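**Student:** The structure is given below, and queries will be raised subsequently.
Nothing in this text is a laboratory measurement; each read-out follows from the coordinates by a stated rule. None of these values were measured; they are calculated from a predicted model. Quick reminder, even Gly has a Cβ in these numbers, built from the backbone with ideal geometry, and neighbours come from all protein chains shown.
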Amino acid sequence: MLKKKAKNLLDEVETLIGRNAVFEGTIKTDKVMRIDGKVSGNIYAGGVIIGETAEITGDIESNVILVGGSIKGNINAAETIEVLPSAKIFGDIKANALAIAEGAQFYGKSSMTIKETIDGAETK
């Protein structure tokens with residue numbers, strides 16, 4: 001399930017921070033972004049792909065997050081987080097669905113959000 005969502009993310013990338021780029025500040029977009037460089041600041045996006053060469057210092061909030069690089073900060077996904085073997089996460093994770101591959105490094109706490117249906121309406 002998670003692999004399919006991650007693959008769909010790759011097809012929708014609108015913003016790219018390249019391998020040699022350094023960005024400082026808050027990033028906000030309702031679209032999908034890919035980060036391969038260094039970011040110091042919080043990220044709020046519709047979808048986030050953290051490439052293997054990425055180094056993030058700050059919190060990330062998104063619907064779907066794919067992590068291959070290094071993050072020092074908390075990660076919050078409304079839907080899914082997939083952590084690849086190359087990932088290093090120093091912070092807490094909160095998501096509806098979480099997959100951590102063997103070999104990934106994760107130092108923090110994880111918690112799952114629970115979606116419930118009450119009278120046909122979805123709630124958290």
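**Student:** Can you list the HN-Hα couplings for the stretch 42-55, worked out from phi with the Karplus curve (6.51, -1.76, 1.60; θ = phi - 60°), rounded to whole Hz and with x for Gly and Pro?
**Tutor:** Karplus values, whole Hz, x for Gly and Pro: 7, 10, 10, 8, x, x, 9, 10, 9, x, 4, 8, 6, 10.
**Student:** May I ask for the distance between the Cα centers of the stretch 52-114 and the stretch 33-48, given as a whole number of Å?
**Tutor:** Rounded to whole Å, the Cα centres lie 12 Å apart.
**Student:** Okay, moving on. Hey, fewest Cβ within 10 Å first, where do Asp11, Asp92, Asp36 land in order?
**Tutor:** Asp11, Asp92, Asp36
**Student:** List, in order, the whole-Hz ³J(HN,Hα) value for each residue of the stretch 102-113 obtained from phi through the Karplus relation with A = 6.51, B = -1.76, C = 1.60 and θ = phi - 60°; use x for Gly and Pro.
**Tutor:** 4, x, 5, 10, 9, 10, x, 10, 10, 9, 9, 7
**Student:** Amide H of Ile71 versus every other amide H placed in the peptide plane: which residues, excluding those fewer than 5 positions away on the same chain, fall under 5 Å?
**Tutor:** When sequence neighbours closer than 5 places are left aside, the close amide H contacts are Ile56, Lys88, Ile89, Phe90.
**Student:** Under a point-charge model restricted to the Cβ atoms of Lys and Arg (+1) and Asp and Glu (-1), what is the dipole moment magnitude of the stretch 61-106 relative to its Cα centre, in debye to the nearest 20?
**Tutor:** That gives a dipole near 160 debye.
**Student:** If you project the alpha carbons of the stretch 21-115 onto their three principal axes, what span does each projection cover, largest first, in Å?
**Tutor:** 33, 28, 18
**Student:** I would also like to ask the following. How do Glu102, Glu55 rank when sorted from fewest to most other Cβ atoms within 10 Å of their own Cβ?
**Tutor:** Ranking Glu102, Glu55 by Cβ neighbours within 10 Å, fewest first, gives Glu102, Glu55.
**Student:** I've got another one for you. What is the set of long-range amide H partners of Thr53 at a cut-off below 5 Å, with H atoms built 1.01 Å from backbone N?
**Tutor:** none
**Student:** How big is the charge dipole of the stretch 2-123 about its Cα centre, in debye rounded to the nearest 20, if each Lys and Arg gets +1 on its Cβ and each Asp and Glu gets -1 on its Cβ?
**Tutor:** Magnitude of the dipole: close to 300 debye.
**Student:** Another question, then. Sequence-distant or interchain residues sharing an amide H contact under 5 Å with Leu16, placed H: which?
**Tutor:** Those qualifying (amide H under 5 Å, at least 5 residues apart or on another chain) are Arg34.
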